[in-house]
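The values are calculated or read from the model by the stated rules, or taken from the named source; none is laboratory data. The structure presented is a predicted model; accordingly, all values stated were derived computationally and were not measured. Heads up, the Cβs are rebuilt from the backbone with ideal geometry, glycines too, and the neighbour counts pull from every protein chain shown. Calculation scope for accessible area: heavy atoms of the full protein, side chains included, ligands and nucleic acids excluded. Shrake-Rupley method; radii C 1.70, N 1.55, O 1.52, S 1.80 Å.
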Amino acid sequence: MVFQDILNQIVESINLYPNRNAFCIRKVNTSYREFGEAVSAIRRQLQVQNSTGKHVGVVLNDDFLTYSALVALWFEGKAYVPINPELPDERNSSIIEQAEISILLNSGASMLQRLDCSLKLTEINIAEPNDGLLDLSAVPVADQELAYILFTSGSTGVPKGVPISRMNVAKFMEGVADMKMRFSPEDKFLQMFDLTFDLSVWSFLQPLCVGASQFPIPHGEIKYMAAYEIIEEHEITVALMVPSVLNFLRPYFEDLDFPKMRYSLFCGEALYGDVVKEWTAIVPNAKVYNVYGPTEATIFCSQYEIPRDREIVCANGIVNIGIPLTNTDLIIVDEQLRPAKAGERGELCIGGLQVTQGYIHNESLNQSAFFECNGRRYYRSGDICFTRSEERRVGKECRSRW
């Protein structure tokens, strides 16, 4: 799969299902036709600016136009950098300078007066009415170009930029396809993540690729409560959530029943075996997965399907992270960065086509975070793991995170 395949799938969704609901935000529905028109209008606004900058800031507002802006940038061959207006202005100014942003797309109140940047910024108001025309022919760019840059805080508190290429995203989506989950336009996806968090990428992208509906949690809501309310009210069929949602809902498990859920995935935190076992009874028709991956490895890079007919593989109560996705290689190394033996604890390191090429403008961090082993490049996750020898597979080991 290449990134253009993903864009083609989005175009197909717009053309085949123009009247189907693409987004439901604060109970306001947006059709695929309206979404396509917004993407097209934002593209034309960008073209008027005639900017050569490859990285464009998107101010995160509580509307479908924000999502339209992300996709419009992909069609224009550019990368998006999410800017959360609720975060400190100093942090956002640092992000804009590091990513060398010259254009901000914004559907809400202007941010220009709040930012203190040495760069010249142009802010485009994407909330202006559009002409209803569609322009969905993508600008051809190489898959080595970036799809987005996310900034994490880092140990020093200074934002560090993680650039993810179009190839990284395409190979991730290819790996997800090989998990054999089957989505359809009838599916309803929960989107519970802030767009500065990489799990949001799959949560909004996957439904767009199949013509399904998505239900983002509104800004300012208590996420755990809002997730429950959306799942119940809209009969969500696909949900990627953080495991702490289960801890919040656990006192109410006896009263919960979500038979329409088809796929329930958990990522971002340790998942405990006892609580997820109880959850499987609440989603009796769903396949349940524990997935794992740092931002540097593109959304998630390993998966373990929670069994219903046998014991869940855990250590100290924590569910294992399973096997790598198709285009990912996982190894465990000792303190000298040598491959550990089966059963020995060590640091989990991630290689393959989903791994970023390195942090932007941070060579010292790149030197410490990435290394080569047996001619392959790996990212050091910092997570301590070991391999269960009884789960070895031909040519690939099942690696577990505890």
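Compute the distance from the alpha-carbon center of segment 207-258 to that of segment 18-88, in whole Å.
24
Each label point is 7 Å from the Cα along the Cα-to-Cβ direction; what then is the distance between the points at ASP135 and ARG250, in nm?
If labels sit at ASP135 and ARG250, their model points lie 5.3 nm apart.
So how compact is the chain: Cα radius of gyration and Dmax in angstrom?
Looking at the chain, its Cα Rg and Dmax stand at 21.0, 62 Å.
Multiplying the sequence separation of LYS180 and ARG376 by 0.36 nm and subtracting their Cα-Cα distance, what value in nm do you get?
Value of the extension gain: 67.8 nm.
Considering only protein heavy atoms and a 1.4 Å probe, what is the carbon-and-sulfur percentage of the accessible area of the chain?
Carbon with sulfur: 48 percent of the solvent-accessible area.
So what's the Cα pair-distance distribution over segment 90-157, bin width 5 Å, in %?
P(r) for segment 90-157, in whole percents per bin: 3, 11, 18, 18, 19, 15, 11, 3, 1, 0.
Tell me, what is the FRET efficiency for LYS54 and ARG26 to the nearest 0.05, using R0 = 35 angstrom and their Cβ-Cβ distance as r?
So the FRET efficiency works out to roughly 0.60.
On a 1.4 Å probe surface of the protein chains, which of TYR32, TYR224 comes out largest in accessible area, and what is the full order?
Accessible-area ranking of TYR32, TYR224, largest first: TYR224, TYR32.
Counting only residues 5 or more places away or on other chains, whose amide H sits under 5 Å from the amide H of LEU240 once H atoms are built in the peptide plane?
Placed amide hydrogens put LEU190, LEU265 under 5 Å from LEU240.
What value, in deg cm²/dmol to 500, does the helix sum -39500 (n - 2.57) over DSSP H runs of n ≥ 4 give at 222 nm once divided by the residues of the chain?
Calculated mean residue ellipticity at 222 nm is -8500 deg cm²/dmol.
Percent of alpha carbon pairs in segment 66-202 separated by more than 19 Å?
The calculated P(r) of segment 66-202 puts 60 percent of pairs beyond 19 Å.
Just to verify a number: FRET efficiency for ASN125 and PHE197, C-beta to C-beta distance, R0 = 35 Å, to 0.05?
Result of the calculation: an efficiency of 0.85.
Between ASP116 and ARG91, how many nm apart are label points set 7 Å from Cα along the C-beta direction?
The modelled label-to-label distance comes out at 1.7 nm.
Net charge around LEU112, counting only other residues with Cβ within less than 14 Å of its Cβ (Lys, Arg = +1; Asp, Glu = -1)?
For residues surrounding LEU112, the net value is -1.
Do any trypsin sites (Lys or Arg not before Pro) in segment 1-53 lie in a DSSP loop with no more than 13 other beta carbon atoms within 10 Å, and if so, which?
Filter output for segment 1-53: ARG26, LYS27.
So what is the accessible area of the chain per residue, in Å², with the probe set to 1.4 Å?
Solvent-accessible surface per residue comes out at 43 Å².
May I ask which of LYS171/LYS287; LYS27/LYS160; LYS171/LYS223; LYS223/LYS260; LYS78/LYS188; LYS78/LYS223 have a Cα-Cα span longer than 26 Å here?
Result: LYS27/LYS160; LYS171/LYS223; LYS78/LYS188; LYS78/LYS223 exceed 26 Å.
Treating segment 159-312 as a set of equal point scatterers at the Cα positions, no solvent, please give the Debye-formula log₁₀ I(q)/I(0) at q = 0.09, 0.14, 0.17 Å⁻¹.
After summing over all Cα pairs, the log10 values are -0.27, -0.67, -1.02.
So the label point goes 7 Å from the Cα of GLN4 along Cα→C-beta, right? Which residues of segment 113-134 then have their backbone N under 14 Å from it?
none
Can you give the local net charge around LEU337? Use residues other than it whose beta-carbon is closer than 10 angstrom to its beta-carbon, Lys and Arg +1, Asp and Glu -1.
Residues near LEU337 contribute -2 overall.
Can you tell which of ILE164, LEU353, PRO18 lies farthest toward the positive end of the dipole of the chain, using +1 and -1 charges on the Cβ of basic and acidic side chains (Lys, Arg; Asp, Glu)?
LEU353
Take HIS219, HIS361, HIS234 and sort them by solvent-accessible surface of the protein heavy atoms, 1.4 Å probe, largest at the top.
HIS361, HIS219, HIS234
Ordering PHE64, PHE75 by how much accessible area each has at a 1.4 Å probe, largest first, what is the list?
Descending accessible area places them as PHE64, PHE75.
Give the calculated FRET efficiency between ALA281 and ASP383 to the nearest 0.05, with a Förster radius of 22 Å applied to their Cβ-Cβ distance.
That gives a FRET efficiency of 0.15.
With charges set only on the Cβ (+1 for Lys and Arg, -1 for Asp and Glu), what does the dipole of the chain come to about its Cα centre, in debye to the nearest 20?
860
Compute, for GLU76, the solvent-accessible surface of its heavy atoms (probe 1.4 Å) with the complete set of protein chains present, and express it in square angstrom to the nearest 10.
Only protein atoms counted, so the area is about 30 Å².
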